[in-house]
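Colleague: Please read through the structure below; I'll follow up with questions.
The values are calculated or read from the model by the stated rules, or taken from the named source; none is laboratory data. Keep in mind it's a predicted model, so treat the numbers as computed, not measured. Don't worry about glycine lacking a Cβ; one is built from the backbone with ideal geometry, like all the others, and counts go over all protein chains shown. Ligands, DNA and RNA are excluded from the accessible area calculation, which covers all protein heavy atoms including side chains. Shrake-Rupley method; radii C 1.70, N 1.55, O 1.52, S 1.80 Å.
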Amino acid sequence: MLWFAFGIAVVVLLVFGISLYTYFECFHSPANRREDPYSKLIGQQYDEVNERIINCTKRMDEAECEWVSTVSHDGLKLYGRYYHTRDGAPVVILFHGYRSMTLRDSAGGYYLCQKMGFNVLAVDQRAHGRSQGTVISFGIKERWDCLSWTDYVLKRFGNNTLVVLSGLSMGASTVLMATALDLPENVCAIMADCPYSAPADIIRKVCRDRHMPDHLAYPFILLGAKVFGKFDLTETTSVEAVRQAKVPVLLIHGEDDRFVPCQMSRNIYSACASPATLQIIPDAGHGLCYIKSPRRYEEVITKFLWSVSKLRLHMVGNEFIRKELQTDG
């Protein structure tokens, strides 16, 4: 009997030990993290575009901005960079990707929104940058931060301020998961660049990429999130959330995305209850749609936002927008 109890204890310790390891690998972000937005991305698809990415990052980094903050629903202090373009203009809130940085992931979006005359709030997601937190939850907790930042915008700029939620990679899935929340009517559009369909989908895919049996690894990852991260990885998905979407949704994805398969955006598009647009950028890798095809990217974004009637009044008279709308594509 003693040996049986000892065996059970060993199994339990092993299970929790593996789950703790997966928690640190997948979800933990140290409080003393150091991030360098100018570090080069590793991989064949990034080699030829790293200099362009760095130039975009530098342009955003050197632009005049105001550091602002809000508090999340669970008490974390969140920080962001606010770029003011014009009084009374809509505010585009930009959310970056997993273990990435706003200066890297949001640089293209910032520059485009500036040209369109919109104000920009580029946030540090929880457990990233200056924002507090040590748990990255793949959009599960982050989706509620969309509400916190929207409330910040409305309190600061007035209840008539229009808001667009936009994100890349995990940031894209974050804003898509937020579509099922009780968003204020001021949120008039969602833009998602290379989102994943569900946290489980992308985690299992990465396991397979690393030659791990995902059917064996995933239960430990799920347990690690629950026990050590204090969140349920299956609580929602991008696909489930957009079935309740009430505002127009734009999905952009690179056809050559080898990290988040393009099919995931197609699945989200098929499930979306609100008017949705799907644009596939040929030859673009993960997060590289703007870098690979800046002219088409600008045209797609501009025409989508013009299609949102609430935003059109703020876009009339902008010379950049006028030229983009005249483009034949």
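Colleague: Would you mind stating whether residue 78 is in contact with a Lys or Arg (Cβ under 8 Å, 6 or more places away or on another chain) and crowded, with 23+ Cβ neighbours inside 10 Å?
Modeller: Details: in contact with a Lys or Arg (Cβ under 8 Å, 6 or more places away or on another chain): yes; crowded, with 23+ Cβ neighbours inside 10 Å: yes.
It is true that residue 78 is in contact with a Lys or Arg (Cβ under 8 Å, 6 or more places away or on another chain) and crowded, with 23+ Cβ neighbours inside 10 Å.
Colleague: Being among the acidic types (Asp, Glu) and part of a loop (DSSP other than H, G, I, E, B) is the filter here; which residues of segment 48-97 pass it?
Modeller: Looking only at segment 48-97, we keep the residues that are among the acidic types (Asp, Glu), and these are 48, 51, 61-62, 64, 66, 74, 87.
Those that are among the acidic types (Asp, Glu) and part of a loop (DSSP other than H, G, I, E, B): 48, 64, 74, 87.
Colleague: Also, quick follow-up: Tally the residues that are of a type in the set (Ser, Thr, Tyr) and open to solvent by 50 Å² or more (accessible area, probe 1.4 Å), restricting the search to segment 278-309. Reasoning before the result, please.
Modeller: Narrowing segment 278-309 to residues of a type in the set (Ser, Thr, Tyr): 290, 293, 297, 302, 307, 309.
Okay, now just the ones that are also open to solvent by 50 Å² or more (accessible area, probe 1.4 Å), so 307, 309.
Qualifying residue count for the region: 2.
Colleague: Check segment 213-229 and report whether any residue there is among the charged types (D, E, K, R) and modelled with pLDDT under 95.
Modeller: If we filter segment 213-229 for residues that are among the charged types (D, E, K, R), which is where we start, we get 214, 226.
Checking which are modelled with pLDDT under 95 leaves us with 214.
Yes, there is a match, as at least one residue in segment 213-229 is among the charged types (D, E, K, R) and modelled with pLDDT under 95.
Colleague: Taking only pairs six or more apart or across chains, which ones have beta-carbon atoms under 8 Å, a first residue in segment 165-183 that is surrounded by fewer than 24 Cβ atoms within 10 Å (Cβ to Cβ), and a second residue that is of a type in the set (Ser, Thr, Tyr)?
Modeller: Hits for this filter: 180/236; 183/150.
Colleague: Go through segment 252-273 residue by residue and tally those that are more than 19 Å from residue 198 (Cα to Cα) and touching a Ser or Thr at 6+ places or on another chain (Cβ under 9 Å).
Modeller: Kept after step one, since they are more than 19 Å from residue 198 (Cα to Cα), are these residues of segment 252-273: 256.
Then drop every residue that is not touching a Ser or Thr at 6+ places or on another chain (Cβ under 9 Å), which leaves none.
Of the residues in that region, 0 qualify.
Colleague: I would also like to ask the following. For segment 244-276, which residues satisfy the criterion of being in contact with a strand residue (DSSP E or B) (Cβ under 8 Å, 6 or more places away or on another chain) and open to solvent by 70 Å² or more (accessible area, probe 1.4 Å)?
Modeller: Residues satisfying the conditions are 255, 266, 269, 275.
Colleague: Would you check which residues across segment 301-324 are in contact with a Cys (Cβ under 9 Å, 6 or more places away or on another chain) and among the β-branched types (Val, Ile, Thr) and list them?
Modeller: 301, 308
Colleague: Suppose we filter segment 174-221 for residues that are closer than 30 Å to residue 17 by Cα and of a type in the set (Asp, Glu); how many remain?
Modeller: Narrowing segment 174-221 to residues closer than 30 Å to residue 17 by Cα: 174, 196-221.
Narrowing the set further to residues that are of a type in the set (Asp, Glu) leaves 201, 209, 214.
Count: 3.
Colleague: Residues being free of Cβ contacts under 8 Å to residues at least 60 places away in the same chain and open to solvent by less than 30 Å² (accessible area, probe 1.4 Å): count how many of those fall in segment 55-75.
Modeller: Residues in segment 55-75 being free of Cβ contacts under 8 Å to residues at least 60 places away in the same chain and open to solvent by less than 30 Å² (accessible area, probe 1.4 Å): 2 in total.
Colleague: Among (1) surrounded by fewer than 18 Cβ atoms within 10 Å (Cβ to Cβ); (2) touching a residue at least 40 places away in the same chain (Cβ under 8 Å), where does residue 157 come up short?
Modeller: Going through the list (1) surrounded by fewer than 18 Cβ atoms within 10 Å (Cβ to Cβ); (2) touching a residue at least 40 places away in the same chain (Cβ under 8 Å), residue 157 breaks only (1).
Colleague: Against the definition (surrounded by 23 or more Cβ atoms within 10 Å (Cβ to Cβ) and touching a residue at least 12 places away in the same chain (Cβ under 8 Å)), how does residue 201 come out, yes or no? Explain how you work it out, then say what you get.
Modeller: Details: surrounded by 23 or more Cβ atoms within 10 Å (Cβ to Cβ): no; touching a residue at least 12 places away in the same chain (Cβ under 8 Å): yes.
So residue 201 does not fit the description; no.
Colleague: Condition check: at pLDDT 95 or above and among the aliphatic types (A, V, I, L, M). Does residue 76 satisfy that? Spell out how you get there, then give the answer.
Modeller: Values: at pLDDT 95 or above: yes; among the aliphatic types (A, V, I, L, M): yes.
Spelling it out, residue 76 is indeed at pLDDT 95 or above and among the aliphatic types (A, V, I, L, M).
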